[in-house]
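This report concerns only the one structure given below.
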Amino acid sequence: MSDIFETHFITAADKPALVALSNPEWLEAAKRFLKELGYKVHTASTHQEFATRFSQVRYQVVLIDELFAAAKPDENLTLKSLQLMPVNQRRHATIFLFGNSFKTFDPMQAFQQSVHVVINSAEVPMLRQIVEKAVAENDLFLFGYRDVQKRLSSL
């Protein structure tokens, strides 16, 4: 029972990450690298599970496979729901999209997919470094916005 509390409940000190990868090798690698980086990792195996988890926790990192719970990329309901979600509902997360057709860190492909970073599946062994770099860049980019938001909320 205590294992359930440790893995599922998030405290203010935790760095939560949500992983939605269909490929078991990618899933295990992602969980391992994220845990090494100090993230508390949750996984989703269906679109509904992803939607439920994402609506309940402010995940800092989200990893999605372009074929998550789908046979073709255009059938990926999870990705479609994130793409249609207002920015204020997903701004807290750095979102990564895995796929064979992507060029890692290609900003135009990421923009087209409404995610922060695209990762070619061949780059999974470099996932730890990719996540570190992308999260740091996203935090730097949003620093001014978050600072103003924090100041306004204290008024």
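Any read-out appearing in this document is the output of simple, stated calculations on the displayed coordinates, not a laboratory observation. All values derive from a computational prediction rather than experimental measurement. Heads up, the Cβs are rebuilt from the backbone with ideal geometry, glycines too, and the neighbour counts pull from every protein chain shown.
So for 40, 150, fewest C-beta neighbours within 10 Å to most, what's the order? Write down the numbers at each step before the final one.
On the way: 40 20, 150 9.
The fewest-first ordering by Cβ neighbours comes to 150, 40.
Work out the FRET efficiency for residue 129 and residue 155 from their Cβ-Cβ distance, taking R0 = 35 Å, and round it to the nearest 0.05.
Working: r = 40 Å, r/R0 = 1.13.
Once the sixth-power term is evaluated, E becomes 0.30.
Need one number for the chain: average projected area of the convex hull over its C-alpha atoms, nm².
Values: hull surface 39.2 nm².
Average projection, Cα convex hull of the chain: 9.8 nm².
When all alpha-carbon pairs of region 19-96 are counted, what percent fall beyond 20 Å? Can you show the working numbers first?
Numbers: 801 of 3003 pairs.
Roughly 27 percent, once rounded to a whole number.
May I ask which residue of 119, 131, 59 lies farthest towards the positive end of the charge dipole of the chain, with charges of +1 (Lys, Arg) and -1 (Asp, Glu) on Cβ and the Cα centre as origin?
59
Taking neighbour Cβ counts within 10 Å as the exposure measure, how do 14, 74 sort from fewest upward? Walk me through the numbers on the way to the answer.
Values: 14 13, 74 9.
Lowest to highest Cβ neighbour count: 74, 14.
How much net charge surrounds residue 113 when only other residues with a Cβ under 15 Å from its Cβ are counted (Lys, Arg +1; Asp, Glu -1)? Mind dumping the intermediate values first?
Working: positive: 72, 80, 90, 103; negative: 65, 66, 74, 75, 106.
Overall, the nearby charge balance is -1.
Provide the packing ranking of 77-83, 113-119, i.e. peptides ordered by the mean count of other C-beta atoms within 10 Å per residue, highest first. The partial results should precede the final answer.
Numbers: 77-83: 18.6, 113-119: 22.4.
Those peptides, ordered most packed to least, come out 113-119, 77-83.
Can you compute the charge dipole magnitude of region 2-153 about its Cα centre, using +1 on each Lys and Arg Cβ and -1 on each Asp and Glu Cβ, nothing else charged? Give it in debye, rounded to the nearest 20.
On the way: 17 positive and 17 negative charges, 107 e Å.
With Lys and Arg at +1 and Asp and Glu at -1, about 520 debye.
So if each residue of separation counts as 0.36 nm, and I subtract the Cα-Cα distance between residue 103 and residue 49, what length gain in nm does that give? Walk me through the intermediate numbers first.
On the way: separation 54, 0.36 × 54 = 19.44 nm, distance 2.82 nm.
Net length gain for the segment: 16.6 nm.
Would you order 68, 105 from fewest to most other beta-carbon atoms within 10 Å of each residue's own beta-carbon? Let's see the in-between values first.
Values: 68 25, 105 16.
Ascending number of Cβ neighbours within 10 Å: 105, 68.
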